[in-house]
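Visitor: For reference, the structure I am asking about is given below.
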Amino acid sequence: MNFNAFQIAFLVVLVAKTVADYALELLNKRTVQAHAATVPAPFCETVNAATYKKSVAYTLEKTNFGFVATAYETLWSLALVLFVFAPLFEFACGVAGLDNGLSGWSATWREGSILVAISIVLSFLSKPFDLYDTFKIEAKYGFNKSSLGLWIGDEIKGIVLGIIIGLPLSWALLAFYHEFPQTWWIFAQIAFFAFQLLLLIVYPILILPLFNKLSPLPDGELKARLEALARRSGFVAKKIEVIDGSKRSGHSNAYFTGFGKWRRIVLFDTLVEQLSPEEIEAVLAHEIGHSRRGHVTKRLIFAFVAGLVALWIVNFLISCPKFFEAFGFEYRENIMVVPALLLLSQIAGFVLFWVSPISNFFSRKHEYEADAFAKEALGTGAPLISALRKLHKENLGNLTPHPLYSAFHYSHPTLLERENALK
């Protein structure tokens, strides 16, 4: 097989990312093993030897599993881009009748159907690893609470939602392309962004209840604390609800969804069980800090710009016949948006990996700012430190990650870094 410039470039970024991934995992694994004998000094009073030993074992097992998953991801991306996408797309075009010269709305709907159908098929590639991770590793360490039937039900619901949501969005993107061939990517991203904002409102009302049960937080000390915190912070929330996350996982979380008068505070039931009211108040103060410091708005703006750049790249690619021919596609100008999106979906991750330290730097900066807001709102950082320690303990978090691994993979500062900043 003779490789051309586009294929060589793809192979270079694929191999470089894979090698870097393995190197980072090995660095992190050796760092964890080097500190495995005793609990790190800063945490001796809060983490006992048995729990620390379990957290080390959990980290190492996830790391070893990651070695296999990375190899699998690399091989399937290689196969998809070089050997599978082109014949699969040609087959789909034949089934959809696009080879018969169809145009107009009928062709747009069929193109959109091809994109959604192939995306659903591709989503099954990772399912064996999801199953193993959930029912072997997570179950082994006491985190998985889901049954196989519940897991399968979630997957089916996800596919149905993917079709219901994905098909109109795909159709809209392709309709913009056919109607406004020069500026379609701008109109499409504006439409997608508007949909994202709408989804923030309808997600907790229409979608989340399909998977989880939400219950109002009962009256009592915790509710009184959280409502008082929201008032002091100028944070308007329609409801404070508890989600039954424990029916799937032992991991815990808290977040808010929606915006404006539709904003809701959501607490995992596991969080309510694991933390004291004062600690939960600190965790929520941190989440409110993201809103009050403008992080949510900044992330939305960043997402809009990133999406715009991605669609501009697609627009650029569809005018490059040699790019598609390099990966086995027959170039037909009017229907190359779908192949461009398919190729970009596999290639982008290998490129974006190298900018993840920059993204993580700004994300960690936001976390420090939200922590500082929580300390200011409560008058002390002690409750948040206590909450973070408990959550790290309950979730078997890695207490000794390698700094370089952390830079590439951690969107949050390490526990020790957050504690030092709060102190």
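The values are calculated or read from the model by the stated rules, or taken from the named source; none is laboratory data. Bear in mind the structure is a predicted one, so any value in this text is a computation, not a measurement. For neighbour counting, all protein chains shown are included, and Cβ atoms are generated from backbone atoms with ideal geometry for every residue, glycine included. Heavy atoms of the whole protein, side chains included, go into the accessibility calculation; ligands, DNA and RNA do not. Shrake-Rupley method; radii C 1.70, N 1.55, O 1.52, S 1.80 Å.
Visitor: If the requirement is being open to solvent by less than 40 Å² (accessible area, probe 1.4 Å) and over 25 Å from Glu376 (Cα atoms), which of these qualifies: Pro209, Pro204, Pro216?
Guide: Sole residue among the options that is open to solvent by less than 40 Å² (accessible area, probe 1.4 Å) and over 25 Å from Glu376 (Cα atoms): Pro204.
Visitor: Here are some conditions: (1) part of a helix (DSSP H, G or I); (2) over 30 Å from Gly349 (Cβ atoms); (3) among the β-branched types (Val, Ile, Thr); (4) modelled with pLDDT under 90. Val296 meets all but one. Which one does it not meet?
Guide: Failing condition for Val296: (2).
Visitor: Return a yes/no flag: does the stretch 111-131 have any residue that is surrounded by fewer than 17 Cβ atoms within 10 Å (Cβ to Cβ), at negative phi and not in a helix (DSSP H, G or I).
Guide: For the stretch 111-131, residues surrounded by fewer than 17 Cβ atoms within 10 Å (Cβ to Cβ), at negative phi and not in a helix (DSSP H, G or I): absent.
Visitor: Do you know which residues across the stretch 154-192 are of a type in the set (Gly, Ala, Ser) and over 21 Å from the mean Cα position of the chain (by Cα)?
Guide: Hits for the stretch 154-192 are Ala172, Ala175, Ala188, Ala191.
Visitor: Right, something else. Which count do you get for residues in the stretch 30-48 that are more than 16 Å from Thr414 (Cα to Cα) and either modelled with pLDDT of 90 or more or not in a loop (DSSP other than H, G, I, E, B) (or both)?
Guide: Result for the stretch 30-48: 7.
Visitor: Could you check the stretch 254-293 and list, in sequence order, the residues that are over 20 Å from Glu394 (Cα atoms) and part of a helix (DSSP H, G or I)?
Guide: Those that are over 20 Å from Glu394 (Cα atoms) and part of a helix (DSSP H, G or I): Gly260, Lys261, Trp262, Ala285, Ile288, Gly289, His290, Ser291, Arg292.
Visitor: How many residues does the stretch 55-66 contain that are more than 23 Å from the chain's Cα centre (by Cα) and surrounded by fewer than 16 Cβ atoms within 10 Å (Cβ to Cβ)?
Guide: The total comes to 1.
Visitor: Looking at Ile301, is it within 30 Å of Gln182 (Cβ to Cβ), out of contact with any helix residue (DSSP H, G or I) (no Cβ under 9 Å at 6 or more places or on another chain) and outside any loop (DSSP other than H, G, I, E, B)?
Guide: Judged against the criteria, Ile301 is a match.
Visitor: Which pairs turn up if I take residues in the stretch 25-41 that are at negative phi and look for partners that are part of a helix (DSSP H, G or I) and of a type in the set (D, E, K, R) with beta carbon separation below 8 Å, at least 6 apart in sequence or on another chain?
Guide: Note: pairs meeting the criteria are Ala36/Lys53.
Visitor: Then there is this: Can you tell me which residues in the stretch 67-83 are crowded, with 19+ Cβ neighbours inside 10 Å and without any contact (Cβ under 8 Å) to a residue 60 or more places away in the chain?
Guide: Glu73
Visitor: Being assigned to a helix (DSSP H, G or I), open to solvent by less than 30 Å² (accessible area, probe 1.4 Å) and modelled with pLDDT under 90: is that true of Ala230 here?
Guide: Judged against the criteria, Ala230 is a match.
Visitor: Identify all residues within the stretch 337-346 that are open to solvent by 30 Å² or more (accessible area, probe 1.4 Å) and either of a type outside the set (S, T, N, Q) or touching a Pro at 6+ places or on another chain (Cβ under 9 Å) (or both); write none if there are none.
Guide: Once the filter is applied, which keeps residues that are open to solvent by 30 Å² or more (accessible area, probe 1.4 Å) and either of a type outside the set (S, T, N, Q) or touching a Pro at 6+ places or on another chain (Cβ under 9 Å) (or both), the stretch 337-346 yields Leu341, Leu344.
Visitor: Within the stretch 308-336, can you find the residues that are open to solvent by less than 40 Å² (accessible area, probe 1.4 Å), outside any helix (DSSP H, G or I) and not aromatic (Phe, Trp, Tyr)?
Guide: Ile318, Cys320, Met336
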